[in-house]
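In what follows, a structure is listed as structure tokens, so that the remarks can point back to it.
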Amino acid sequence: MSKAHFFAIFLLAASFTGCIGGEDLEELTTEEESTTEDDTIEPVGEDNVTNLKKEIDDLKAKISDYEKPQVYFVGHNATSKIFCEDYEYNNDCYLLAKAFDVNGVIDRFSWTSSVANSINMSYDDRLCNDLMLDADGSCLNFNDYNDWFPLEICDDLKEKVNQTVTITVYDNDGQQDSASYYVDYDALCNNTSGGIDNTPIATFIVEQSSSGVYHIEVVKVSVQVELEHFSFFLKDDSGSTYVGGNGFGEIAMQMLAGEAHGIDTAYTGDNETLKERKQAIIDDDGSDYPVHFSDNDRDGMLSAGDQFMVYGTGNAATGPAEDGWKLDIQYEPNGDISGSARLL
């Protein structure tokens, strides 16, 4: 074969090989580009990071609240936190606070009052009062007395007037918690029995509206006492307590044993459960809550100008009450009736 013929055949073969290689390269490039576009990974969004940070911050806040010390007043009974007759001291009435700390110890405490210079009790005073002496006369420490903090109302308060007392406890981490209580000094201390038998006397006037509601206005109370010391009983003309709906119970809005009690439609506290109860009573026509109450002056006490509403039957009322029934107001510390309002 001549060199000319061989060179021509070589060129022809090279031409075919080049065409095939070009098509393969074009197809491969297109396939790779398609794969790269489809497999693109999106970065994590800022919203997800923000939500995660918020969840972490919320968790930290919950842990911080859990680790704070806690202090509360021990209840004497369902309506009062003042202990009087349970002690063998001379006409003493005590307010008892209890404190604890889940991740440490209570390091110190203080009692203060809304009245200047009425009380100044701190760690050292507390450990050396009469209740805190050990058998040998030495002062007890916190662990010995299980973090109880008693306040003797009639002796420890320097100013002999009604006032709000506050206890604040501090733990070993520098965190604190407080609890406050309104002390009716007049009712507790201004008589020979330490106040427990000094029943407040209340007088009322009664008017029935055309809507079927009996309006019972408080005209006078001999001694103003906080609402938590009173309960009510709606009684029929035979003297029997009406047990349907809320025919009896607490007047003041309060949480007792984890349940909401009370009938005060003027409640201004921040407890959500009690707010819901307040609104339910306001919206009710007497079917579920035949007795309503309004602390009109918002002072937290039974006082002149406050009002009970007892629901009978009328245009805006579907309650059980009738003429001849009565509403008794009971003073809880001794069980006496402070006043009665007859429905006429």
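The values are calculated or read from the model by the stated rules, or taken from the named source; none is laboratory data. Bear in mind the structure is a predicted one, so any value in this text is a computation, not a measurement. Heads up, the Cβs are rebuilt from the backbone with ideal geometry, glycines too, and the neighbour counts pull from every protein chain shown.
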How about region 172-188: which of its residues are closer than 17 Å to Leu96 by Cβ and hydrophobic (A, V, I, L, M, F, W, C)?
Ala179, Val183, Leu188
For region 311-344, which positions are under 33 Å from the mean Cα position of the chain (by Cα) and of a type in the set (Asp, Glu)?
Asp328, Glu332, Asp336
Of Gly314, Gly339, Gly262, Gly286, which residue is in contact with an Asp or Glu (Cβ under 7 Å, 6 or more places away or on another chain) and in contact (Cβ under 8 Å) with a residue 12 or more places away in the chain?
Gly262
Taking region 51-104 on its own, how many of its residues are at pLDDT below 75, touching a helix residue (DSSP H, G or I) at 6+ places or on another chain (Cβ under 9 Å) and of a type in the set (A, V, I, L, M, F, W, C)?
1
With the first residue restricted to region 213-233 and required to be without any contact (Cβ under 8 Å) to a residue 60 or more places away in the chain, and the second required to be β-branched (Val, Ile, Thr) and crowded, with 21+ Cβ neighbours inside 10 Å, Cβ contacts under 7 Å at 6 or more apart or on different chains are none
Could you look through region 164-195, keep only residues that are surrounded by fewer than 19 Cβ atoms within 10 Å (Cβ to Cβ) and more than 30 Å from Glu67 (Cα to Cα), and pick out the one that is modelled with the highest pLDDT?
Asp186
